[in-house]
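Beneath this line is the structure, given in structure tokens, with notes to follow.
Read the figures in this text as sums done on the coordinates, not as results from a lab. Keep in mind it's a predicted model, so treat the numbers as computed, not measured. Here the Cβ positions follow ideal geometry from the backbone for every residue, glycine too, while neighbour counts run over all protein chains shown.
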Amino acid sequence: MSMRVLSFLKQWRGTAKEAFENVSIVAKFLCLLHVTDRYIISTTHVHGPSMLPTLNLTGDVILAEHLSHRFGKIGLGDVVLVRSPRDPNRMVTKRILGLEGDRLTFSADPLVGDASVSVLVPKGHVWIQGDNLYASTDSRHFGPIPYSLIEGKALLRVWPPEYFGSLR
Amino acid sequence: MTPTLHPSGNVLLAERISKRYQKPSRGDIVVIRSPENPNKTPIKRVVGIEGDCISFVIDPVTSDIYQTIVVPKGHVFVQGDYTHNSRDSRNFGPVPYGLIQGRVLWRV
């Protein structure tokens with residue numbers, strides 16, 4: 001009885017080896033995909049009114065790269081993806097309007113009046129602001145954010161197709 | 001971080017999984033990315049979590065002036081164990097969760 005089981009298993013040995021090799025190819029591909037998506041370049045779905053008119057209200061898919069912030073190549077005017085200082089599970093998309101050492105003057109509440117506030121961006125921090133000043137929670141509310149919270153820089157928009165191209 | 005950590009160098013094991021699923025608690029030793037210099041990753045202890053009211057002496061070497069702050073939502077207050085020679089939240093303020101890189105488990 002056990003002889004029949006053994007010969008049965010031996011027949012499947014070749015197939016099992018092939019299956020294992022194919023599965024390992026798929027696993028390696030998934031690992032490469034994950035590393036690329038997380039650390040090199042990825043697509044991100046962004047939505048919300050805070051970056052109008054640059055980004056649409058109903059949602060865009062943009063291509064974002066995750067290499068520049070590690071080499072310090074993030075500059076003024078870049079649209080970046082940052083981890084929200086208020087909620088670590090949320091990523092927000094804003095524009096950098098001030099680097100460390102810059103002095104910025106902004107209107108404390110654009111809906112109410114013209115009272116302006118002047119701040120100096122401390123060392124190791126950046127000032128982020130949404131393009132739509134009236135509907136954006138940004139550094140005017142929670143202050144300058146540490147540079148390390150930046151996780152990616154937006155390159156171009158890929159969806160919807162009629163708005164394909166760079167974000168200006 | 002004397003006396004917990006040896007001043008001339010330690011090798012520690014830090015895990016990065018728990019920061020995704022739960023918030024750090026008081027007393028944890030965490031590796032953070034410094035808000036002053038993004039290339040540095042100091043190791044400090046979490047002394048206060050969001051909502052805590054922390055009273056601390058601003059500069060124990062020169063004076064006795066106290067300051068009291070409330071840790072805002074989404075932030076933690078970190079402090080080095082050797083308060084006389086530590087740049088921590090008493091200097092750069094509470095640190096957002098996003099800057100926590102991992103939690104130290106044990107010394108290797």
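Rounded to the nearest whole angstrom, the semi-axes of the ellipsoid equivalent to the protein assembly as shown, taken from the Cα gyration tensor as √(5λ), stand at 41, 32, 15, largest first.
By the compact-protein rule of thumb, 2.2 N^0.38 Å, the alpha-carbon radius of gyration of segment A:1-110 corresponds to a ratio of 1.92. Sorted fewest first by neighbouring Cβ atoms within 10 angstrom, A:M1, B:M1, A:M51, A:M91 come out as A:M1, A:M91, B:M1, A:M51.
Length gained on full extension, B:Y82 to B:T62, computed as 0.36 nm times the residue gap minus the Cα-Cα distance: 5.6 nm. Residues A:W159, B:W106, ranked from the fewest to the most other C-beta atoms within 10 Å, line up as B:W106, A:W159.
Entry note: segment B:17-107 has Rg to Rh equal to 0.95, where both radii use alpha-carbon atoms and Rh is the Kirkwood radius.
Here is the size of segment A:57-105 from its Cα atoms: Rg then Dmax, 12.5, 35 Å. Using the Cα coordinates of segment A:79-162, the gyration tensor eigenvalues translate into equivalent-ellipsoid semi-axes of 22, 17, 12 Å, sorted from longest to shortest. Taken about its Cα centre, segment B:17-107 carries a charge dipole of roughly 520 debye when the Cβ of each Lys and Arg holds +1 and the Cβ of each Asp and Glu holds -1.
When the helices in the protein assembly as shown are scored as -39500 (n - 2.57) per DSSP H run of 4 or longer and the sum is shared across all residues, what 222 nm value do you end up with, to the nearest 500 deg cm²/dmol? Theoretical 222 nm ellipticity from helices: -4500 deg cm²/dmol.
Taking 12 Å as the cut-off, the amide N atoms of segment A:18-54 that come nearer than this to a point 7 Å along the Cα-to-beta-carbon line of A:V61 belong to A:43-46. Considering only A:F106, A:L149, A:S136, the residue lying farthest towards the positive end of the dipole of chain A is A:L149, judged by Cα position with unit charges set on Cβ.
Listing A:E65, A:E162, A:E18 from fewest to most neighbouring C-beta atoms within 10 Å gives A:E162, A:E18, A:E65. Any idea what angle helix A:13-35 forms with the longest principal axis of chain A, computed on alpha-carbon atoms, 0 to 90 degrees, nearest 10? Here the helix axis deviates by roughly 10 degrees. With just the Cα atoms defining each centre, how far is segment A:71-101 from segment A:106-159? Give it in Å. Measuring centre to centre over Cα atoms gives 8 Å.
Placing +1 on the Cβ of every Lys and Arg and -1 on the Cβ of every Asp and Glu, with no other charges, gives chain A a dipole of roughly 860 debye about its Cα centre.
Helix A:2-11 sits at what angle to the longest principal axis of chain A, using alpha carbons and giving 0 to 90 degrees rounded to 10? Computed tilt is about 50 degrees. Which longest run of chain A has no exposed loop site in it, a site being chymotrypsin sites (Phe, Trp or Tyr not before Pro) in a DSSP loop with at most 14 other beta carbons within 10 Å, and the site itself not part of the run? The longest uninterrupted stretch comes out as A:72-163.
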